[in-house]
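The values are calculated or read from the model by the stated rules, or taken from the named source; none is laboratory data. Since the structure is predicted, the reported quantities are computational estimates derived from the model, not experimental observations. Here the Cβ positions follow ideal geometry from the backbone for every residue, glycine too, while neighbour counts run over all protein chains shown. All accessible areas refer to the heavy atoms of the entire protein, side chains included, with ligands and DNA or RNA removed. Shrake-Rupley method; radii C 1.70, N 1.55, O 1.52, S 1.80 Å.
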Amino acid sequence: MCTFGYHFIDGMLFLCTLRFVQGMTYGMASTVIAITVASIVPESRRGEGIGYFTLNITLGSAIGPFLGISLPQINPLYALVLCDVLSISLIVLAFILNITEIKVGFRQRVEVKSFRLRTFFEPTAISISIVALLGAIGYSAVMSYIGTYSETIGLLLGGSLFYIAYSIACLIFRPISGVMIDRYGNHVVMVPILFTMILGFVAIALAHSNLVLLLGAVLVGIGYGSIPSAGQTIAVQKVKLNKFSLATSTLYIALDLGNGIGPYILGMVVPIYGFRAVYMCSAIAALLAFLFYIGMIIKSRKENVVM
């Protein structure tokens, strides 16, 4: 409905309302789809399955903006028509796909009616969500400022190729991280990718050549690019099937919150210390995520709990 609404935009108020409703429904839909994926994939291959799922999100995020920029140059209506076709396809697929419904128990229905913190957040997923939040705050500087930053330091080529390098790294390493979680456990994956993310932000902050800037893109792609899939796998490990939705939404709230507040927090650094300091702050946020995860490992071993 929102997609078709773009044909009838007659003012800024209508556009903002449309964007708000579309953002809200997309947020709910993406969460439900992520929950469905986690529930239908066998537990022994959950990391791998979620890795493939988030890999397709990356592909969509790369292909979509490209078509959005290129199609209007041919004909202004082509992009809207493509979105209309995709929307109709989604509706058809929703009826065709045979997905087993997740049953909601009586106790869960009662909990949802009570407006407590547990109603909206899954306690067992909060720790990994904090790690994701810190990582998202760091990555938000990449989304918001990398174009201006690359222009400021005179590395326009690296800036123009940055997202391509980042996407390729995600495409290669995200499925690998899922398989490794299934085979070797959480720590074997999370510790290296968090450390790699730190190195990526440092490389971006210290870049004086296009090669170093692109190296930072690859390292951040390996690091932060693997967090959504690895994080969701960890978030649902300790909960029953009917709690998958709460655990997944807790993680996604952290990711969205980090991407939302990150540009404002890190943006305050620019007027005082410049853009390089922004990415050093991103590295510090990644370091805090790394240290927090190490703390999770130490705590779990003291309590003799398998994460």
Exercise. Taking the condition open to solvent by 10 Å² or more (accessible area, probe 1.4 Å) and touching a Ser or Thr at 6+ places or on another chain (Cβ under 6 Å), does GLY159 pass?
Worked result: yes
For this session: Report yes if GLY159 is free of Cβ contacts under 8 Å to residues at least 60 places away in the same chain and not in a helix (DSSP H, G or I), otherwise no.
Result: no
For this session: With respect to ALA203, determine if the residue is in contact with a Leu (Cβ under 7 Å, 6 or more places away or on another chain) and either among the hydroxyl-bearing types (Ser, Thr, Tyr) or at pLDDT 90 or above (or both).
Result: yes
For this session: Can you tell me which residue within region 268-306, out of those that are part of a helix (DSSP H, G or I) and small (Gly, Ala, Ser), is farthest from SER127 (Cα to Cα)?
Result: ALA277
For this session: Among the residues of region 1-24, count how many are open to solvent by less than 60 Å² (accessible area, probe 1.4 Å) and polar (S, T, N, Q).
Result: 2
Exercise. Quick one: in region 268-307, which of the residues that are surrounded by 18 or more Cβ atoms within 10 Å (Cβ to Cβ) and aromatic (Phe, Trp, Tyr) is farthest from GLN237 (Cα to Cα)?
Worked result: PHE275
Exercise. Restricting attention to region 86-113, which residues are under 26 Å from the mean Cα position of the chain (by Cα), open to solvent by 60 Å² or more (accessible area, probe 1.4 Å) and either at pLDDT 75 or above or closer than 30 Å to ILE176 by Cβ (or both)?
Worked result: LEU86, ILE88, LEU90, ILE91, LEU93, ALA94, LEU97, ILE99, THR100
For this session: Please identify the pairs in which a residue from region 118-134 that is polar (S, T, N, Q) has its Cβ atom under 8 Å from the Cβ atom of a residue that is open to solvent by 40 Å² or more (accessible area, probe 1.4 Å) and modelled with pLDDT of 90 or more, counting only partners at least 6 apart or on another chain.
Result: SER127/PHE292
